[in-house]
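One structure is given here, and the rest of the page talks about it.
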Amino acid sequence: MSVTVGPYGQAHPSCFDQVKLCFVMGFAVGMAAGALFGTFSCLRIGMRGRQLMGAVGKMMIQGSVTLGTFMAVGMAICC
């Protein structure tokens with residue numbers, strides 16, 4: 001993995017490193033949003049117990065992978 005050096009001696013991360021970072025940031029934000037919106041929507045329709053936990057977990061994974069992928073693609077286009 002090569003690291004380029006900027007005009008003042010700082011090392012710039014490679015494009016792949018930036019894409020990985022954006023995926024991780026999108027994954028974390030998507031996980032939080034999935035937990036928040038998933039919990040409220042499942043409670044609103046009357047889910048309880050194990051059914052609630054399964055549905056919220058599924059929504060968290062779906063939201064995090066989706067947002068992480070979109071952010072990674074966006075960063076890949078930028079760099």
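Give me the distance in nm between label points sitting 7 Å out from Cα along the Cα-to-Cβ direction at I45 and T66, one decimal.
Once both label points are built, they end up 1.4 nm from each other.
Probe radius 1.4 Å, ligands and nucleic acids ignored: give me the carbon and sulfur share of the accessible area of the chain as a rounded percent.
Details: 4140 of 5660 Å².
Carbon and sulfur together cover 73 percent of it.
Could you provide, to the nearest whole Å², the per residue accessible area of the chain with probe 1.4 Å?
Numbers: 5660 Å² over 79 residues.
Value returned for the chain: 72 Å² of accessible area per residue.
Residue-wise, which Karplus ³J(HN,Hα) couplings in Hz belong to region 54-64, taking 6.51 cos²θ - 1.76 cosθ + 1.60, θ = phi - 60°, and x for glycine or proline?
Here the 3J(HN,Hα) series is x, 5, 5, x, 5, 5, 5, 5, 4, x, 6 Hz.
No partner Cβ under 4.7 angstrom, meaning no disulfide-compatible partner by this rule: which Cys of the chain qualify?
Flagged as lacking a Cys partner: C22, C42, C78.
When Lys and Arg each count +1 and Asp and Glu each count -1, what net charge do the other residues less than 12 Å away from A55, Cβ to Cβ, add up to? Don't skip to the end; give the middle numbers.
Details: positive: R44, R48, R50, K58; negative: none.
Once positives and negatives cancel, what remains is +4.
Rounded, prolate or oblate for the chain? Axes are the square roots of the Cα gyration tensor eigenvalues, ordered a ≥ b ≥ c, and the cut-off for rounded is a/c under 1.5. Write out the running numbers ahead of the final one.
Numbers: a/c = 4.35, a/b = 3.94, b/c = 1.10.
Prolate shape, in that a/c is at least 1.5 and a/b is the bigger ratio.
Between L21 and A35, with labels modelled 7 Å along Cα→Cβ, what's the label distance in nm to one decimal, could you check?
2.4
The values are calculated or read from the model by the stated rules, or taken from the named source; none is laboratory data. Here the structure is a predicted model, which is why all the values come from computation and not from measurement. For neighbour counting, all protein chains shown are included, and Cβ atoms are generated from backbone atoms with ideal geometry for every residue, glycine included. For accessibility, only protein heavy atoms count, side chains too; no ligands or nucleic acids. Shrake-Rupley method; radii C 1.70, N 1.55, O 1.52, S 1.80 Å.
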